[in-house]
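Below is one structure, written out as structure tokens, with a few remarks after it.
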Amino acid sequence: MKYLTEFRNGAIAQRMAREIQAIVTRPWKIMEVCGGQTHSIIKNGIDQMLPACVEMVHGPGCPVCVTPLELIDKALAIAAQPGVIFCSFGDMLRVPGTEADLFQIKGRGGDIRVVYSPLDAVEIAAKNPEKQVVFFGVGFETTAPANAMSVHVAKRRGLSNYSLLVSHVLVPPAIEAIMSAPGNQVQAFLAAGHVCSVMGYWEYPPLAEKFRIPIVVTGFEPLDLLDGIRRAVLQLESGRHEVENAYERVVRYDGNQAAQALLREVFDVTDRTWRGIGVIPRSGWRLSAAYRDFDAEERFQLSGIHTEESPLCHAGDVLRGAIKPAECPAFGKECTPRHPLGATMVSSEGACAAYYNYGRFLSAEQLAASGAGLTTRQAAGSRA
Amino acid sequence: MTEPNGAPDFANWTCPLPLKDYPTIVMGHGGGGKLGSELVEHLFLPAFRNPELENLGDAAVFDLKPGFGPSRIAMSTDSFVVQPLFFPGGSIGELAVNGTVNDLAVSGAEPKFLSVSFILEEGFPLAQLAAIVDAMAHAARIAQVRIVTGDTKVVERGHGDGCYISTAGIGVLRPGVLVGPDRARPGDVVLVSGTLGDHGMAIMSVREGLEFESPIRSDCASLHGLIADALAAGGHAVHAMRDPTRGGLASTLNEIAAASRAGVAIDETALPVRPEVHAACELLGLDPVYVANEGKAVFFVAPEAADRVLAVLRAHPLGADAARIGHVTAEHPGMLVARTAMGANRVIAMQIGEQLPRIC
């Protein structure tokens with residue numbers, strides 16, 4: 001596949017890993033913000049290729065993971081109502097709410113449909129005028145334009161039976177919150193390529209300057225990630241703190257202007273609760289006054305939502321990069337993808353699920369013995 | 001499992017806890033992953049327990065009358081609820097015949113007789129039923145099986161999805177063949193008879209309206225001929241066979257690793273995947289190793305016979321893209337480990353329920 005396979009070349013990847021090895025002199029902690037990048041790093045074993053002193057810290061960029069529990073519970077309550085068709089991206093169906101997940105609501109008779117685009121949900125609304133159709137609009141700046149487009153189209157077509165249950169979150173305020181947190185150890189960021197394809201990277205230079213951190217806009221394929229990491233290490237080693245674009249084939253400084261204009265029309269910036277982290281000021285979007293009629297939270301008056309997180313789950317520490325998934329006491333014991341306690345164990349982009357699915361519960365000896373030439377440092381680094 | 005008064009007796013389940021996580025059936029119970037296995041392990045097996053079932057092979061193998069002649073019998077059953085009913089490369093009709101034929105064939109049997117049950121929804125067009133039946137007859141001729149008995153039920157409009165089909169089949173075990181999911185041994189070579197994920201992505205592409213320059217076609221085919229050739233070439237060296245349908249290659253290899261108490265190691269770069277299937281998987285955020293096949297078989301073969309069996313597979317029209325994809329190891333028993341293109345290792349776990357498309 002053009003633009004894909006050439007960025008998965010194992011020989012070039014090995015060479016890039018050796019380059020990073022050659023330039024690094026001190027330990028560094030680099031955070032990849034985006035869950036898609038975490039998934040790719042773990043799936044491809046990029047972390048196993050890096051020198052011991054370059055540590056990747058997995059950030060809070062999985063939309064499934066940071067969607068607040070209260071909103072999941074609201075989704076469950078709406079989806080269970082008769083006369084509602086509840087549409088969602090597939091990942092959200094297994095996220096545990098306080099008492100159930102969307103799969104179970106579906107099993108009990110809720111009309112829940114997996115769609116690939118919110119515009120499909122708008123079509124469902126057009127075809128089912130007697131039903132209330134709700135789309136679960138979660139995610140970062142990446143998924144926001146399509147969600148915004150869906151209410152824009154619904155309004156233009158006069159579809160009064162369509163609404164959006166919104167919990168959009170934004171990357172720059174999350175970087176600010178992580179850097180400002182006491183005890184922060186992150187020294188550089190890989191910014192999420194897909195977010196920047198929409199938003200550009202004009203929001204990042206003030207952050208790089210304020211916290212004196214390198215920020216490298218990075219893609220998702222193995223060579224993209226290694227290039228992003230290499231550039232971050234080069235900056236760290238030479239004491240620079242600039243914003244760099246290592247994903248030039250997709251991302252421009254200004255981003256997608258048409259999408260940004262639509263986002264400004266449809267959404268207002270608001271404070272948001274991040275699951276496992278807490279409230280981050282001005283860190284999300286809600287529907288603007290002009291589109292308030294399409295807000296599912298306004299349309300369905302929900303009361304009696306009582307949320308309760310599992311006391312065993314340390315997802316918040318994982319999302320802040322304070323601990324690795326395998327360091328959580330419940331990891332692989334009470335909490336598995338089969339029975340997730342927190343959202344980070346659900347989505348394939350969640351750091352805990354990525355660790356679990358790709359065998360980070362195995363001892364390094366077991367993995368090394370399978371004949372795949374792990375180095376001693378990986379043997380020491382991975383946990384049983 | 002059922003009390004005389006008809007109420008299910010949850011207390012007597014051998015291990016009710018894993019099932020009580022999901023007190024109602026969810027789609028994942030039918031997804032070919034862990035939830036389905038738990039249903040078998042904790043509900044069906046305890047209720048029906050007997051030696052023939054316990055093997056949990058694709059077909060049960062038994063003597064109809066011990067001591068009565070040399071032939072052993074294999075029996076299997078499968079239900080088909082696919083939507084859409086017609087798709088590029090086949091229909092529910094071919095699937096219903098080939099699915100049961102293949103389950104018998106990978107058990108080492110020569111498929112002989114099938115039964116078929118139709119559950120039809122009121123209002124279902126007769127022309128479509130005729131097309132399905134025609135496809136079944138054609139598939140049965142190719143597979144050299146006879147459909148010898150059947151049943152038809154009609155449910156009210158809204159209570160079915162047009163047409164569901166259930167087939168059961170009986171085959172005669174090929175003499176001298178000894179295969180089973182528990183017979184893989186360290187050192188065995190893992191072969192796959194062709195490209196992965198064609199059927200699943202053909203269905204998904206139609207459902208999601210994805211269009212490619214050349215449409216993805218289902219690989220739906222009966223494998224009895226290909227398997228007969230492989231067994232003729234490999235004989236006792238063929239230790240295990242399975243057709244990786246729901247849950248894909250990953251589930252099949254995990255099941256054999258678990259049943260054989262051995263590890264399976266595969267090389268990701270050796271997996272045959274069509275470019276258009278790969279592209280569709282990328283678009284939808286799916287992994288081809290978890291996607292269903294309907295005309296592929298996986299073979300576990302002793303190393304000395306592996307090249308011979310691979311050559312025979314490649315000479316067969318259904319095996320042109322056959323490949324050596326890995327081996328069995330004494331390490332990491334019960335686990336499937338893949339070496340990535342980057343040279344790193346990752347565990348490929350059994351999936352929980354259905355493979356979920358990612359958000360972004």
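If you take the residues in segment A:112-121 that are assigned to a helix (DSSP H, G or I) and surrounded by fewer than 23 Cβ atoms within 10 Å (Cβ to Cβ), which one is nearest to the other protein chains (Cβ to nearest Cβ)? Per the criteria, the residue is A:D120. Residues that are part of a loop (DSSP other than H, G, I, E, B) and either out of contact with any Asp or Glu (no Cβ under 8 Å at 6 or more places or on another chain) or not small (G, A, S) (or both) do not occur anywhere in segment A:286-297.
So for segment A:13-32 (the condition being of a type in the set (F, W, Y), away from chain B (no Cβ under 14 Å) and more than 18 Å from A:A326 (Cβ to Cβ)), does at least one residue qualify?
Scanning segment A:13-32, I find at least one residue that is of a type in the set (F, W, Y), away from chain B (no Cβ under 14 Å) and more than 18 Å from A:A326 (Cβ to Cβ), so the answer is yes.
Filtering B:T152, B:T167 for residues that are exposed (fewer than 11 other Cβ atoms within 10 Å of the Cβ), closer than 21 Å to B:D78 by Cβ and not charged (D, E, K, R) leaves a single hit, B:T152.
Taking segment A:141-250 as the region of interest, the strands (runs of 3 or more DSSP E) fully inside it that hold 1 or more residues being in contact with a Cys (Cβ under 8 Å, 6 or more places away or on another chain), within 20 Å of A:G36 (Cα to Cα) and of a type in the set (V, I, T) are A:215-218. Looking at A:S283, A:S303, A:S288, just one residue is in contact with a strand residue (DSSP E or B) (Cβ under 6 Å, 6 or more places away or on another chain), more than 14 Å from chain B (Cβ to nearest Cβ) and under 18 Å from A:E70 (Cβ atoms), and that residue is A:S283.
Applying the criterion of at least 3 residues that are away from chain A (no Cβ under 14 Å) to the helices (runs of 4 or more DSSP H) found wholly in segment B:247-337 leaves B:248-260, B:303-315. Scanning segment A:108-137 for residues being more than 23 Å from B:E208 (Cβ to Cβ) and either touching a helix residue (DSSP H, G or I) at 6+ places or on another chain (Cβ under 9 Å) or β-branched (V, I, T) (or both) gives a total of 1.
Regarding A:V195, is this residue surrounded by 24 or more Cβ atoms within 10 Å (Cβ to Cβ) and either out of contact with any helix residue (DSSP H, G or I) (no Cβ under 7 Å at 6 or more places or on another chain) or farther than 23 Å from A:N44 by Cα (or both)? Taking the combined requirement at face value, the residue does not satisfy it. Within segment A:3-11, does at least one residue satisfy the condition of being more than 14 Å from chain B (Cβ to nearest Cβ), under 30 Å from A:L190 (Cβ atoms) and polar (S, T, N, Q)? Looking through segment A:3-11, none of the residues is more than 14 Å from chain B (Cβ to nearest Cβ), under 30 Å from A:L190 (Cβ atoms) and polar (S, T, N, Q).
Among the residues of segment A:211-222, those identified as buried (at least 22 other Cβ atoms within 10 Å of the Cβ) and either away from chain B (no Cβ under 14 Å) or under 14 Å from A:L50 (Cβ atoms) (or both) are A:I213, A:P214, A:I215, A:V216, A:V217, A:T218, A:P222. From the residues in segment B:302-334 that are under 19 Å from the mean Cα position of the chain (by Cα) and of a type in the set (A, V, I, L, M), which one is nearest to B:T252 (Cα to Cα)? Applying the filter and picking the extreme gives B:I325.
Residue-by-condition table, conditions (1) within 14 Å of chain A (Cβ to nearest Cβ); (2) acidic (D, E); (3) out of contact with any Pro (no Cβ under 9 Å at 6 or more places or on another chain):
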{"site": "B:V148", "(1), (2), (3)": "no, no, yes"}
{"site": "B:T152", "(1), (2), (3)": "no, no, yes"}
{"site": "B:G158", "(1), (2), (3)": "yes, no, yes"}
{"site": "B:Y164", "(1), (2), (3)": "no, no, yes"}
{"site": "B:V179", "(1), (2), (3)": "no, no, yes"}
{"site": "B:S214", "(1), (2), (3)": "no, no, yes"}
{"site": "B:A233", "(1), (2), (3)": "no, no, yes"}
{"site": "B:A237", "(1), (2), (3)": "no, no, no"}
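With respect to A:I72, is the statement that it is at pLDDT 90 or above, within 13 Å of chain B (Cβ to nearest Cβ) and either assigned to a strand (DSSP E or B) or touching a Ser or Thr at 6+ places or on another chain (Cβ under 9 Å) (or both) true? No: the conditions fail for A:I72. So, in segment A:123-171, how many residues would count as being out of contact with any Gly (no Cβ under 8 Å at 6 or more places or on another chain) and of a type in the set (S, T, N, Q)? Adding up the residues that qualify gives 5. No other residue among A:A351, A:A326 is in contact with a helix residue (DSSP H, G or I) (Cβ under 9 Å, 6 or more places away or on another chain), aliphatic (A, V, I, L, M) and away from chain B (no Cβ under 14 Å) apart from A:A351. Could you tell me whether any residue of segment B:204-224 is crowded, with 23+ Cβ neighbours inside 10 Å, modelled with pLDDT of 95 or more and under 26 Å from B:E52 (Cα atoms)? Yes - at least one qualifying residue is present in segment B:204-224. Exactly one residue out of A:G109, A:G83, A:G139 is facing chain B (nearest Cβ under 10 Å), among the small types (G, A, S) and more than 23 Å from A:T344 (Cα to Cα): that is A:G109.
Residues in segment A:86-95 that are part of a loop (DSSP other than H, G, I, E, B) and either surrounded by fewer than 21 Cβ atoms within 10 Å (Cβ to Cβ) or facing another protein chain (nearest Cβ under 10 Å) (or both): A:F89 only. Only residues that are touching a strand residue (DSSP E or B) at 6+ places or on another chain (Cβ under 6 Å) and over 19 Å from B:P303 (Cβ atoms) were counted across segment B:175-207, and they come to 4. Looking across A:V318, A:V266, A:V243, one residue alone is buried (at least 16 other Cβ atoms within 10 Å of the Cβ), hydrophobic (A, V, I, L, M, F, W, C) and closer than 21 Å to A:V217 by Cα. It is A:V243. All of B:A262, B:A270, B:A258, B:A279 fail the test of being more than 16 Å from the chain's Cα centre (by Cα), touching a residue at least 12 places away in the same chain (Cβ under 8 Å) and closer than 21 Å to B:S76 by Cβ, apart from B:A258.
For segment A:124-136: of the residues being farther than 28 Å from B:G30 by Cα and in a helix (DSSP H, G or I), which is farthest from the other protein chains (Cβ to nearest Cβ)? For segment A:124-136, the residue satisfying everything is A:A125. Residues in segment A:142-163 include none that are under 21 Å from the mean Cα position of the chain (by Cα) and among the aromatic types (F, W, Y).
Which ones in segment A:27-50 are in a loop (DSSP other than H, G, I, E, B) and at pLDDT 95 or above?
Answer for segment A:27-50, where residues must be in a loop (DSSP other than H, G, I, E, B) and at pLDDT 95 or above: just A:P27.
For residues that are in contact with a Phe, Trp or Tyr (Cβ under 7 Å, 6 or more places away or on another chain) and surrounded by 24 or more Cβ atoms within 10 Å (Cβ to Cβ), tally how many sit in segment A:31-53. Qualifying residue count, segment A:31-53: 5. Would you call B:E354 out of contact with any strand residue (DSSP E or B) (no Cβ under 6 Å at 6 or more places or on another chain) and modelled with pLDDT of 95 or more? Criteria not met by B:E354. B:F44 fulfils the conditions (1) within 14 Å of chain A (Cβ to nearest Cβ); (2) at pLDDT 85 or above except for a single criterion, (1).
The values are calculated or read from the model by the stated rules, or taken from the named source; none is laboratory data. Predicted model, so just to flag it, every value in this text is computed and none were measured. All Cβ positions, glycine included, derive from the backbone under ideal geometry; neighbour counts span all protein chains shown.
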